[in-house]
Every structure is written in structure tokens, then in C-alpha cells.
Amino acid sequence: MTPFIAVPLILLSSGFLQGLTGFGSALIAMPLLAFIIDIKTAVAVCTLCGVTITLRMCLNLRSSLDLKKIMPLIIGSVPGSIFGTLVLKELDGHIITLFLGILVSGYATYSLFVKPVALKLKPAWGLLAGFLTGSITAAISAGGPPTLIYSSLMGWKKNELKATLSGFFLAAAVMGATGHLLSGLTTLYVLKLFLASIIPIQLGVYLGHTLSGKVSEGLYKRMVMILLVFMGIMLIFQSTG
């Protein structure tokens, strides 16, 4: 199957997942894209699509967007990205990935069986979550879990949680896409694949967001935790690969 058919179909499904839960598009897209196009192209395409997906999510959830919730994450992620680039890459990435996988899957499994307590943490914890997200993303390109765990502990309602994740991930995606453009990773081929995928992505986000409106708060939070378990297991397997 030509990439100009396969890639848009994959990104339609990833847009659907993001529209449904507020995160996770790369969880579906990256492993599948790697079978069709080279990994550098896949990363660049996925990042551009992440901008489109999260922008649409922010527009859908604009009434629930709160900069006071988002800004600590963004502010913390900037020094975190620098720290991850300069320091964490000197460590064994497999060990970092294994630790993160165990932490994420363990926390999410616990939350599935024991009702999590809403701690309503102070904004300083958002700075820490953003810092860890930026650090881990720079080191192993899998930094979402710290932000997801932080958000789940805040006791926010479904749309508040999705809006905060979307706002933060939009900022992260814009920064990532800018870096790829300046470094030359965003090629003409990448742009063609991205343009071919815009309509399927928007359709996927629309369908996922529409279905999300019919999902109860309890079921939504269980879906988030199940996805976190899956993400943690993938990280564990990645660390042993």
C-alpha cells in the first residue's frame, strides 16, 4: 500500500484516539508508521500532525481551557528539555525507559483497582511534571506519562483534563515542529504526507471527540488508565529491545 494511503489511514485512527481521550495519538501512529516510512520521517510527520490534532482539540475544548493549569507545565518543560538533552542522554536510555515503564504501568494498574484520591496539588507540582516531561521527551521521546499522572491526581473533570493536556501538548508539538523545521528534518516528502493526512486527521478527531461526549466521567478515567498501562508495557518492552 502506498504511503500516501496508508499514512493518512493510520493518522485517522490516531486522531480518533486523541479526540476520545485527549492524548495517545503517537501511541498508535509511531509503531505503525515505522513499518511504512523511515523513523525520522515518521517522527516529523507525527509531530506536524500533533500540532493539527491538539489545535483542533483546543478549539473543541476552548471553554475548558485554563492557562493557570497549562502554564506551569509549559514553563517547567523548557528547562526540562535542556536538562534532558544535556544530561539524561548521557545515561543509559534503556534504564530510564524501564523505570518509566514500571512507574507508569504500576500507577495505572493500581488506579484501575483502587479509586484514586484527588490530591489537588499546588501549581509547583505542575512545574515538576512539566520538567520531567521535557526531560524524558528530550532523552527518550516518551515524556507524556508524568503530565498524565499529574493531571489524573488533580481531580479535574473530563473536559478540564482533556483541555489541559491538549493545551500543553499543543505547545510541545509547536516547539518540536519548529525544531524539526530548523534542523532540516521536515522535508518536502514529510510535508506532502502531512498534507495528504490533514482531512483524515480532522475526521478522526471529530469522531473521537463526538464519542467522548457520550462517555461518562468514570468510564473516561478508566480508559485513560488502561491506555497508561499499555504505554507503560510498551516502554518496558522498548527498554529490553
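The values are calculated or read from the model by the stated rules, or taken from the named source; none is laboratory data. It should be emphasised that the depicted structure is a prediction, and the values quoted were computed from it without experimental measurement. As a convention, Cβ positions derive from the backbone with ideal geometry for all residues, glycine included, and neighbour counts pool all protein chains shown. SASA here: full protein model, heavy atoms, side chains in, ligands and nucleic acids out. Shrake-Rupley method; radii C 1.70, N 1.55, O 1.52, S 1.80 Å.
Determine ³J(HN,Hα), in whole Hz, for all residues of the range 159-173 in sequence, where each value follows from phi through the Karplus function 6.51 cos²θ - 1.76 cosθ + 1.60 and θ = phi - 60°; x replaces Gly and Pro.
5, 5, 5, 5, 5, 5, 4, 5, x, 5, 5, 5, 4, 5, 5
Please build a GNM for the chain, connecting alpha carbons under 10 Å apart, and tell me which residue among Leu67, Leu128, Leu219 fluctuates the most.
Leu219
Please turn the phi angles of the range 222-231 into ³J(HN,Hα) values with the Karplus equation 6.51 cos²θ - 1.76 cosθ + 1.60 (θ = phi - 60°), one per residue in order, whole Hz, x for glycine and proline.
Running phi through 6.51 cos²θ - 1.76 cosθ + 1.60 with θ = phi - 60° gives 5, 4, 4, 5, 5, 5, 5, 4, 4, 4 Hz.
I'd like to compare 159-167, 6-14: which one has the highest average count of other Cβ atoms within 10 Å, and what's the full order after that?
By packing density, highest mean first, the sequence is 159-167, 6-14.
Please check: in the Gaussian network model of the chain (C-alpha springs, under 10 Å), which one of Lys68, Lys115, Lys40 has the largest mean-square fluctuation.
Lys115
Using a 1.4 Å probe on the protein chains only, how many percent of the accessible area of the chain belongs to carbon and sulfur?
Looking at the chain in its full context, I get 74 percent from C and S.
Would you work out if the range 12-106 is rounded, prolate or oblate? Take a ≥ b ≥ c from the square roots of the eigenvalues of the alpha-carbon gyration tensor; rounded if a/c is under 1.5, else prolate when a/b is larger than b/c, oblate otherwise.
oblate
Pull up the cross-link candidates among the lysines for Lys157, meaning alpha carbon to alpha carbon under 25 Å and not fewer than 8 places away within one chain.
Lys68, Lys69, Lys115, Lys120, Lys122, Lys214, Lys221
Order Tyr206, Tyr220 by their accessible area, 1.4 angstrom probe, all chains in place, largest first. The partial results should precede the final answer.
Values: Tyr206 120, Tyr220 0 Å².
The residues order as Tyr206, Tyr220, largest area first.
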